[in-house]
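Visitor: One structure, as structure tokens, below. Some questions next.
FYI, it's all coordinate maths here, none of it is from the lab. Fair warning: this is a prediction, and the values are worked out from it, not measured in the lab. Here the Cβ positions follow ideal geometry from the backbone for every residue, glycine too, while neighbour counts run over all protein chains shown.
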Amino acid sequence: MTPKKFASSILTVAEIEVRKIRHDSSELWTRIIQPALWLLVFGEVFNGIRGFAPTGIPYLEFITPGILAQSVQFIAIFYGITIVWEKDVGLLTKLLSTPSPRSSIIIGKALAAGFRGIFQAIMIFGLALLLGVNLRFDPLDIAGTFFVIVLFAMCFTSLSMALASFLKTRERMMGIGQAITMPLFFASSAIYPIALMPKWLQVISLGNPLTYVVDALRAMLLTGNYSNLAVDLFALVISTAVMIVLASLGLKRLVD
């Protein structure tokens, strides 16, 4: 298959997924409730306590990029439930019978998850403004933020589809999604600096993709310190590529 046809296959799959969202957007709106509670309750309560954020940065501002990353993670990690449902009703078998390469199907579905992530980002930006959070809205920083969100959504959506090829039922996917989401969240710098963690958790956080996503978002939206941005993006790109490969290899296994 030529690169042009491969790209066309990706966009076709992504377009189908986005049409599903347009048909029923209720999931997007309900998914905003949890990050809103984190900002409105957790953020406001700890905003008056010193020591949870670096000096000079209000806690509510500090956790806003982390809550944004968490909301994208929640959307992406449960995508495997959808692909298991598609397997159960025969849609996935029909999709695999087309000439589209498995990798283009995975990338297309993961790309559509990026659209969901951008919607979450816009909603959280609006909420942050209402709460008086002082974020940087430089056009390049916003474009970079959307780029990181799309990559991150693709990474965890692919991870979820790779897990689905082994677990194969929606009940198991729901259980494993809940089992890994919060540990990854607490083992990152989303709601407290890595320096506050015990040493063993600091080591774990270095292998957690969420750590690099939060660091990149915080640099672009809050501090303007880009010294680690190249490392953050490199870690995210490598993680996303590995997850896409694993999900592509597991797609055929899912329907067997």
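Visitor: I'd like the distance between the alpha-carbon centres of the stretch 209-256 and the stretch 120-179, rounded to an integer number of Å.
Guide: About 11 Å separates the Cα centre of the stretch 209-256 from the one of the stretch 120-179.
Visitor: What are the DSSP H helices in the chain that stretch 15 Å or more along their long axis, judged by alpha-carbon atoms, and whose average Kyte-Doolittle hydropathy comes to at least 0.5?
Guide: Details: long enough: 3-23 (30 Å, -0.13); 59-77 (27 Å, 1.25); 102-130 (43 Å, 1.44); 139-167 (41 Å, 1.88); 170-186 (25 Å, 0.40); 229-255 (39 Å, 2.00).
Span-like helices in the chain: 59-77, 102-130, 139-167, 229-255.
Visitor: Quick one: give the max-minus-min coordinate of the C-alpha atoms of the stretch 1-81 along each principal axis, largest first, in Å.
Guide: Each principal axis gives a Cα extent; for the stretch 1-81 these are 57, 29, 19 Å.
Visitor: When all C-alpha to C-alpha distances in the stretch 35-99 are sorted into bins of 5 Å, what percent of pairs does each bin hold, rounded to whole numbers?
Guide: Pairs per bin, as whole percents: 4, 15, 17, 12, 10, 8, 8, 7, 7, 6, 5, 1.
Visitor: Using only the Cα atoms of the stretch 157-230, each taken as one equal point scatterer with no solvent, compute I(q) by the Debye sum, divide by I(0), and report log10 of the ratio at q = 0.15, 0.16, 0.24 Å⁻¹.
Guide: Rounded to two decimals, the profile gives -0.63, -0.69, -1.05.
Visitor: Pop a pseudo-label 7 angstrom from the Cα along the beta-carbon direction at both S8 and N228 and give the gap in nm to one decimal.
Guide: 4.4
Visitor: How big is the Cα convex hull of the stretch 122-256 in projection, averaged over all directions, in nm²?
Guide: On the way: hull surface 38.2 nm².
Hull-based average projected area comes out at 9.6 nm².
Visitor: Which is farthest toward the positive dipole end of the stretch 136-256 among A247, S189, P139, measuring Cα position about the Cα centre, with Cβ charges +1 (Lys, Arg) and -1 (Asp, Glu)?
Guide: A247
Visitor: Quick one: length gained pulling V237 to F146 fully straight, 0.36 nm per residue minus the C-alpha distance? Kindly include the intermediate steps, with their values, before the conclusion.
Guide: Working: separation 91, 0.36 × 91 = 32.76 nm, distance 1.42 nm.
Contour length minus the Cα-Cα distance gives 31.3 nm.
Visitor: While we're here: Between I57 and W200, take the C-beta separation as r, use R0 = 25 Å, and let me know the FRET efficiency to the nearest 0.05.
Guide: On the way: r = 26 Å, r/R0 = 1.05.
Computed FRET efficiency for I57 and W200: 0.45.
Visitor: Could you calculate, for the chain, the ratio of the Cα radius of gyration to the Kirkwood radius, expressed as Rg to Rh?
Guide: Working: Rg = 18.4 Å, Rh = 18.8 Å.
Radius of gyration over Kirkwood radius for the chain works out to 0.98.
Visitor: On a C-alpha basis, how far is the centre of the stretch 1-18 from the centre of the stretch 41-112 in Å? Whole number, if you could?
Guide: After rounding, the separation between the Cα centres reads 22 Å.
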